[in-house]
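Asks: One structure, pasted below without further comment.
The values are calculated or read from the model by the stated rules, or taken from the named source; none is laboratory data. As the structure is a computational prediction, the values presented were derived from the model and not from experiment. Ideal geometry is used to build each Cβ from the backbone, glycine not excepted, and the neighbour counts take in all protein chains shown.
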Amino acid sequence: GILCWPRLEFLQVLWLQLVPWSCTKTINFHTNEEEAYGSDIGVLSDGVLCNYQIKIPHQFHLMKSNSSLFAVSEGDGELTLAGDAGLDHAPQCGQATQCVLAFDLISFSQEQFQLVHVEVEVRNINDHAPRLPLTQIPMEVCEGAAVGMRIPLEVPVDEDLGANPLQSVRLAEPHNLFRVELQTLADGAQCVDLVLLQELDREGQAAYSLELVAQDGRPQPLLSVRVLDANDHSRGALAEVELAEDTPMGSLLLDLDAADPDEGPNDDVVLAFGAHTRPKARRLFRLELRSGHLTLAKPVDYERQDTYELDVRAQDRGPGPRASTCKVIVHIRDVNDNAPDITITPLAAPGAPAASPFAAVAAALGGADATSPTRPGTPEAGAVSVPEGAARESLVALVSTSDRDSGANGQVRCALYRHEHFRRQPAYAGSYLVVTAASLDRERIAEYNLTLVVEDRGAPPLRTVRPYTVRVSDENDNAPLFTRPVYEVLVRENNPPGAYLATVAARDPDLGRNGQVTYQLLEAEVGCA
């Protein structure tokens, strides 16, 4: 008989499960803004121990979805600043008091494999001197103004945030009639007022020149105060109003009483926003000059800002007009108007054979295989490739969730549906890992269509549904099989060389070269029956 065996050809497939999955770790660092390119932030190898009590050599690799602001040494995990512009608090975090930049990386060794979540706090430094936009500030005060009256001034501009805002503004020389006070408003903005300490007498002195000094001690603008004749009455008040962030534009928020007990032109009162009302608030709210109706001019967003302080100035039109201010604090109430966001970052990819587990994982994380449909560490529209030989608990994807709402409206829960071969497990706050829950076989199921659902706890809840496809990549795990276990051929004697005898056939369910079959004659026996 003739024995035929197919020749097997192997194609290695790389998987991140080359080393065992261990745990998820969060590591915190801090750095100052304006640090130079290459500045050290910290060493990751000092903080990656999870279940191991002794230090194990690790290698580190930034995931592709991370910020380009940082670089990591693969050998010891030394974290440094990347880019030549340095870190600046304002561009990264705007007006937020605390600035924290977060990103993920992979840590791996011969014994364990970890997903590491890194948070770097960028601390603001006092690198800006306060300045006033004008060199001279003219103002008018009625001689009958009440003691304690506050006159708004232009606020000195200090671009530092957090622990370094403007600390003080004062008069260069103490004055018995005036004092300058610095206040922080309900919305976090700062304002400076000139406070009247005693009654004014225009006949005694009709004008004053006062010099301001900010925290750094440099001379600031002169205040030119002119004293005017007064009529009898002024007004002042404090009002608070609350509105939901989905309040329609044009809604009446408050009706400010602009009555003046004086008669004639003295009781003709005009209202306007005062100097302390910030430009953003002027765009969002409208004040009718005569009626005092405060209405919503543009939509507000609780997630952007939850409190506004409006400085309203009322002035009559009598001879020697008198003016006073009232303060309106607008509180924005959160509503559940933001559906949760979801980002899926694949953690698996096919690749080429590597010389060592270190090089193999590094190649996979770097997306070495240019033909890979999904590179690990890179957010992708909706698919990832997983080799069919992946062990249970192998990483498939990192799921990151967020919700811009606050309170219960911003609390998010995540669920994974549609197949028992995969499961979801918590990673760190707001993030989850999708891992394999059973062995995979491409020849049985080549593709899994999963569904990730994130839902907040608002009333009613909002949800985001994201389909996600897991494609099972082929491994050479099937030997070719002949269509028959034994081939019997009857042949006439004296056939010439090359004469046709029979056809044998073998099938291999693997793909590509893994499924290509070649034939080879092994040692044959020739004998007589």
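Asks: Which one is modelled with the highest pLDDT among residues in the range 260-288 that are surrounded by 12 or more Cβ atoms within 10 Å (Cβ to Cβ), assigned to a loop (DSSP other than H, G, I, E, B) and more than 41 Å from the chain's Cα centre (by Cα)? Step through it out loud before you land on a result.
Replies: Our first condition is that a residue be surrounded by 12 or more Cβ atoms within 10 Å (Cβ to Cβ); within the range 260-288, this holds for 260, 262, 265-278, 280-282, 284-288.
Still in the running and assigned to a loop (DSSP other than H, G, I, E, B): 260, 262, 268, 274-278, 288.
Imposing the further condition that a residue be more than 41 Å from the chain's Cα centre (by Cα) reduces the set to 260, 262, 268.
On the way: 260: 49, 262: 46, 268: 68.
So the residue we want is 268.
Asks: Is it the case that the range 187-204 has a residue that's farther than 29 Å from residue 316 by Cβ, part of a loop (DSSP other than H, G, I, E, B), within 43 Å of the chain's Cα centre (by Cα) and modelled with pLDDT of 70 or more?
Replies: no
Asks: Then there is this: Out of curiosity, is residue 296 at pLDDT 90 or above, surrounded by 13 or more Cβ atoms within 10 Å (Cβ to Cβ) and either in contact with a Pro (Cβ under 9 Å, 6 or more places away or on another chain) or not aromatic (Phe, Trp, Tyr) (or both)?
Replies: Working: at pLDDT 90 or above: yes; surrounded by 13 or more Cβ atoms within 10 Å (Cβ to Cβ): yes; either in contact with a Pro (Cβ under 9 Å, 6 or more places away or on another chain) or not aromatic (Phe, Trp, Tyr) (or both): yes.
For residue 296, the condition - at pLDDT 90 or above, surrounded by 13 or more Cβ atoms within 10 Å (Cβ to Cβ) and either in contact with a Pro (Cβ under 9 Å, 6 or more places away or on another chain) or not aromatic (Phe, Trp, Tyr) (or both) - is met.
Asks: On to the next question. All but one of (1) modelled with pLDDT under 85; (2) in contact with a Ser or Thr (Cβ under 9 Å, 6 or more places away or on another chain) hold for residue 413; which doesn't?
Replies: The single condition residue 413 does not satisfy is (1).
One line per residue, one yes/no per condition, for (1) at pLDDT below 55; (2) more than 30 Å from residue 103 (Cβ to Cβ); (3) of a type in the set (D, E, K, R):
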site: 127; (1), (2), (3): no, no, yes
site: 133; (1), (2), (3): yes, yes, no
site: 144; (1), (2), (3): no, yes, no
site: 153; (1), (2), (3): no, yes, no
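Asks: Scan the range 346-354 and tell me whether some residue there is assigned to a strand (DSSP E or B), modelled with pLDDT of 90 or more and not assigned by TED's automatic domain parsing to the domain that holds residue 286.
Replies: Checked the range 346-354: no residue is assigned to a strand (DSSP E or B), modelled with pLDDT of 90 or more and not assigned by TED's automatic domain parsing to the domain that holds residue 286.
Asks: Can you tell me which residue within the range 418-431, out of those that are assigned to a strand (DSSP E or B) and at pLDDT 90 or above, is surrounded by the most Cβ atoms within 10 Å (Cβ to Cβ)?
Replies: Among those residues, the one meeting the criterion is 422.
Asks: Looking at residue 477, is it in a loop (DSSP other than H, G, I, E, B) and surrounded by 16 or more Cβ atoms within 10 Å (Cβ to Cβ)?
Replies: Taking the combined requirement at face value, the residue does not satisfy it.
Asks: If you go through the range 316-339 one residue at a time, do you hit one that is assigned to a loop (DSSP other than H, G, I, E, B), within 23 Å of residue 104 (Cβ to Cβ) and modelled with pLDDT under 85?
Replies: Going residue by residue through the range 316-339, those that are assigned to a loop (DSSP other than H, G, I, E, B) are 317-322, 334-339.
Still in the running and within 23 Å of residue 104 (Cβ to Cβ): none.
No; the residues of the range 316-339 include none that is assigned to a loop (DSSP other than H, G, I, E, B), within 23 Å of residue 104 (Cβ to Cβ) and modelled with pLDDT under 85.
Asks: Another question, then. Would you confirm, using the coordinates I've provided, whether residue 502 is closer than 30 Å to residue 412 by Cα and outside any strand (DSSP E or B)? Quick ask: steps written out before the conclusion?
Replies: Details: closer than 30 Å to residue 412 by Cα: no; outside any strand (DSSP E or B): yes.
No: the conditions fail for residue 502.
Asks: Just wondering, is there one or more residues in the range 389-398 that are at positive phi and at pLDDT 50 or above? Talk me through it step by step, then tell me what you get.
Replies: So the first thing to find is which residues in the range 389-398 are at positive phi, and the list is 393.
When the remaining residues are screened for being at pLDDT 50 or above, the result is 393.
So far as the range 389-398 goes, yes, one or more of its residues are at positive phi and at pLDDT 50 or above.
Asks: Of everything in the range 182-207, what is acidic (Asp, Glu), surrounded by fewer than 14 Cβ atoms within 10 Å (Cβ to Cβ) and touching an Asp or Glu at 6+ places or on another chain (Cβ under 8 Å)? Give them in sequence order.
Replies: Here is the first cut: in the range 182-207, the residues acidic (Asp, Glu) are 187, 193, 199, 201, 203.
Subsequent filtering for residues that are surrounded by fewer than 14 Cβ atoms within 10 Å (Cβ to Cβ) retains 199, 201, 203.
Answer for the range 182-207, where residues must be acidic (Asp, Glu), surrounded by fewer than 14 Cβ atoms within 10 Å (Cβ to Cβ) and touching an Asp or Glu at 6+ places or on another chain (Cβ under 8 Å): 199, 201.
Asks: State whether one or more residues within the range 488-500 are modelled with pLDDT of 90 or more and touching an Asp or Glu at 6+ places or on another chain (Cβ under 6 Å).
Replies: No, the range 488-500 has no match at all.
Asks: Against the condition touching a residue at least 40 places away in the same chain (Cβ under 8 Å), among the hydrophobic types (A, V, I, L, M, F, W, C) and surrounded by 22 or more Cβ atoms within 10 Å (Cβ to Cβ), how does residue 435 come out, does it pass?
Replies: For residue 435, the condition - touching a residue at least 40 places away in the same chain (Cβ under 8 Å), among the hydrophobic types (A, V, I, L, M, F, W, C) and surrounded by 22 or more Cβ atoms within 10 Å (Cβ to Cβ) - is not met.
Asks: If residue 460 satisfies all but one of (1) part of a strand (DSSP E or B); (2) under 30 Å from residue 403 (Cα atoms), what's the number of the condition it fails?
Replies: Of (1) part of a strand (DSSP E or B); (2) under 30 Å from residue 403 (Cα atoms), only one is false for residue 460: (1).
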